[in-house]
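Novice: What follows is a single structure, and I will ask about it in a moment.
The values are calculated or read from the model by the stated rules, or taken from the named source; none is laboratory data. These numbers come from a predicted model, not from an experiment. No Cβ is skipped: glycine too gets one built from the backbone with ideal geometry, and neighbour counts run over all protein chains shown.
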Amino acid sequence: MIDSPNSSLVELLLSTAVTAAKIAGSVLLDYTRSGFHIEHKSPINLVTDADRDAEQCIIEHIRAQFPHHAFLAEERGREQGSSSPYLWIIDPLDGTTNFAHGYPIYCVSIGLEYCGRCLLGVVFDPSRNELFTAVDGQGAHLNGHPLRVSDTNDLGNSLLVTGFAYDIRETPRNNLDHFAKFALRAQGIRRTGSAALDLCYVAAGRFDGFWEVRLNPWDIAAGSVIVREAGGRLTDFLGNELSIYGQELVASNGHIHDAMLKVLNEAASHR
Ligand code: IPD
Ligand code: CA
Ligand code: CA
C-alpha cells in the first residue's frame, strides 16, 4: 500500500504544476508574436512548434522537481517512470485550431493522477490570465477565488457547450445527432474549441453543461478535477462515473445532468 501524499507534498505538486502551466502559457504567447510553423497530423488536426515547445518546457520543469514521475503528454505520448504512482497528464495547447487562426481561446492543461485517481488539475488561459486550479477534496479556484457551478435547474434555461473530434468526416459517431437535439432543447449551445476550458467554464458557472465524444485523457484530466471540486457532476453518457480514458463525457452543474443524459440517450443512434 502506497501512502497518500501529505499536505506539504500536495502543495509542492500544485505549485510545480502552476509554474509549469505559466511557463508554457508565456511560450504560447511568445509564439503568437513571433509566428509559428503549422503541420497537419491529419486533414483538420493541426500541430505547431508552439505545442511542442510548450510541452517540452512543462515536462522539463516538472521533471526537475520530480525526476521519477511518469508522463502522458499529447505530442510525445507516454514517457518514463512506469512504476511511479504519479502520472502527469499534459495538453500543452488545448485549442490548437483556435491558436493557429489567432482566435484567443486556448489554454495549457496539466492534470496529475496518483494511483489512478485524479489528484489535481491546473488549466491556464494565457490570453485572459485566468488560472483554474483544483486539488482533490480542497475545492476549485480561479485566480485564487473559490469556484462553484451554476444553479440553473432547467435544460431550457441552460447554456451548453460541446465539441467535435478531428475524425468528424470519417466516423458516424460524430456528435451531430446530439448537437441537433440539444439545439432544440437548450437556451443556447457554444463550440469553443477547447475542451479543457469548456470544463473550467462549467466549474465557473459560465456554462451549465458540456458533453463531447472521442476525447483524449489530456483534454479532460485537469478540467474534470476542477468541475468535480466546484460541485459539478461528471459521467459517461450512461451515467456511470467518468473515466478520463473512456472518450465520452458529460459534465454539468448536477441539476441538469439527468436531463442531459436523457437527451443523449434519445439521440444515440450511433453509440
Ligand atoms: C481539441 C479541443 C477541442 C475538442 C477536440 C480536442 P486540441 O484539442 O479540446 O475543443 O473538441 O476534441 O481534440 O487538439 O486543440 O488539443
Ligand atoms: Ca486537446
Ligand atoms: Ca493539444
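Novice: Working only within the stretch 212-247, note down all residues that are modelled with pLDDT of 95 or more and either touching a Lys or Arg at 6+ places or on another chain (Cβ under 8 Å) or β-branched (Val, Ile, Thr) (or both).
Specialist: Of everything in the stretch 212-247, those that are modelled with pLDDT of 95 or more and either touching a Lys or Arg at 6+ places or on another chain (Cβ under 8 Å) or β-branched (Val, Ile, Thr) (or both) turn out to be VAL213, ILE220, VAL225, ILE226, VAL227, ALA230, GLY231, LEU234, THR235, PHE237, ILE244.
Here is a yes/no grid of residues against (1) on the phi < 0 side of the Ramachandran plot; (2) touching a Pro at 6+ places or on another chain (Cβ under 8 Å); (3) hydrophobic (A, V, I, L, M, F, W, C):
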residue	(1), (2), (3)
PHE182	yes, no, yes
GLY193	no, no, no
ASP198	yes, no, no
LEU215	yes, no, yes
ALA222	yes, no, yes
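Novice: Provide a single number: the residues in the stretch 235-265 that are outside any loop (DSSP other than H, G, I, E, B), under 19 Å from ASP151 (Cβ atoms) and under 17 Å from the mean Cα position of the chain (by Cα).
Specialist: Final tally of qualifying residues: 3.
Novice: Cβ-Cβ distance below 6 Å, separation of 6 or more or different chains: which pairs start in the stretch 8-19 with a residue that is assigned by TED's automatic domain parsing to the domain that holds LEU142 and modelled with pLDDT of 95 or more and end on one that is in a helix (DSSP H, G or I) and surrounded by 15 or more Cβ atoms within 10 Å (Cβ to Cβ)?
Specialist: THR16/ILE62
To keep it simple, each residue is scored yes or no on (1) assigned to a helix (DSSP H, G or I); (2) more than 16 Å from ligand 2 (Cβ to nearest atom); (3) of a type in the set (Val, Ile, Thr); (4) touching an Asp or Glu at 6+ places or on another chain (Cβ under 6 Å).
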{"residue": "LEU12", "(1), (2), (3), (4)": "yes, yes, no, no"}
{"residue": "THR16", "(1), (2), (3), (4)": "yes, yes, yes, no"}
{"residue": "ALA24", "(1), (2), (3), (4)": "yes, no, no, no"}
{"residue": "VAL47", "(1), (2), (3), (4)": "no, no, yes, yes"}
{"residue": "ASP51", "(1), (2), (3), (4)": "yes, no, no, yes"}
{"residue": "CYS57", "(1), (2), (3), (4)": "yes, yes, no, no"}
{"residue": "ILE62", "(1), (2), (3), (4)": "yes, yes, yes, no"}
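Novice: Yes or no: SER34 assigned by TED's automatic domain parsing to the domain that holds ALA134 and more than 11 Å from ligand 1 (Cβ to nearest atom)?
Specialist: yes
Novice: Taking only the stretch 108-126 into account, find how many residues are surrounded by 24 or more Cβ atoms within 10 Å (Cβ to Cβ) and either of a type in the set (Ser, Thr, Tyr) or under 18 Å from TYR166 (Cβ atoms) (or both).
Specialist: Final tally of qualifying residues: 1.
Novice: Based on what the data block shows, is ALA134 modelled with pLDDT of 95 or more and not assigned by TED's automatic domain parsing to the domain that holds VAL225?
Specialist: So ALA134 fits the description; yes.
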